[in-house]
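In what follows, a structure is listed as structure tokens, so that the remarks can point back to it.
The values are calculated or read from the model by the stated rules, or taken from the named source; none is laboratory data. Quantities reported herein were computed from a predicted structural model and do not represent experimental measurements. Here Cβ is always computed from backbone atoms with ideal geometry, including for glycine, and neighbour counts include all displayed protein chains. Ligands, DNA and RNA are stripped out before the accessible areas are found, and what is left, the full protein with its side chains, is counted by its heavy atoms. Shrake-Rupley method; radii C 1.70, N 1.55, O 1.52, S 1.80 Å.
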Amino acid sequence: MSAGPVSAFDVVGMRGRGYRPDQVDRAVAERTAERERALAEVVRLEGVAQELAVEAARLAEAAAALPEQDYAELGERAQHILALVREQAEALRADAETAGQELADAADAAGRAAVDE
């Protein structure tokens, strides 16, 4: 943002009650351009999010179709370690899904705020 608050305009006119129209027009044009760039970025990011959602659904479907792995040939100790790893993976997955949803919500709110501006 190159222009600052309204006080950055040169005060002109009788008793200092006006601003230079060219400065105001330039500042408005800059803010309008910023808004347009932000809107274009929101549209782009919405497209990326949709593409990622489609890809995630495709990958989830592919993973669901895979047969369950059988590690029966592993010893008892290795199977115990595998069970612990699976528990940890599930906890990490749940945390990641929560964090992902929070990020998506924050991005959505930021996008709406950019559009509102």
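What's the FRET efficiency of ALA83 with LEU52 using the Cβ-Cβ distance as r and R₀ = 25 Å, to the nearest 0.05? Mind dumping the intermediate values first?
Numbers: r = 31 Å, r/R0 = 1.26.
After rounding to 0.05, the efficiency reads 0.20.
Based on the Cβ-Cβ distance from GLU41 to ASP116, what FRET efficiency comes out when R0 is 22 Å, to the nearest 0.05?
Working: r = 15 Å, r/R0 = 0.66.
Efficiency, from the Cβ-Cβ distance: 0.90.
At a 1.4 Å probe radius, which order do GLU41, GLU117 fall into by accessible area, largest first? Walk me through the numbers on the way to the answer.
Working: GLU41 75, GLU117 160 Å².
Output order, biggest surface exposure first: GLU117, GLU41.
Given the rule -39500 (n - 2.57) for each run of at least 4 DSSP H residues, summed and divided by the residues of the chain, what is its mean residue ellipticity at 222 nm, to the nearest 500 deg cm²/dmol?
On the way: 2 runs with 86 residues, N = 117.
Counting only the DSSP helices, I get -27500 deg cm²/dmol.
With each pseudo-label sitting 7 Å past Cα toward Cβ, what's the ALA63-ASP95 distance in nm, one decimal?
1.7
What is the angle, in °, between the Cα long axis of helix 21-65 and the longest principal axis of the Cα atoms in the chain? Nearest 10 is fine, range 0 to 90.
Once rounded, the angle reads 10 degrees.
Need the full-extension length gain, GLU102 to GLU76, defined as separation in residues times 0.36 nm minus the C-alpha distance. One decimal, nm. Show your work: numbers first, answer last.
Values: separation 26, 0.36 × 26 = 9.36 nm, distance 3.93 nm.
That works out to 5.4 nm of additional length.
On C-alpha positions alone, give me the angle between the axis of helix 76-116 and the longest principal axis of the chain, in degrees, nearest 10.
20
Could you order GLU34, GLU97, GLU68 so the one with the most accessible surface comes first? Probe is 1.4 Å. Please list the in-between numbers first.
On the way: GLU34 45, GLU97 120, GLU68 150 Å².
Largest accessible area first, the residues go GLU68, GLU97, GLU34.
Mind listing the long-range amide H neighbours of TYR19? Cut-off is under 5 Å, sequence gap 5 or more, other chains count too, H placed in the peptide plane at 1.01 Å from N.
Close amide H contacts, sequence-distant or interchain: VAL12.
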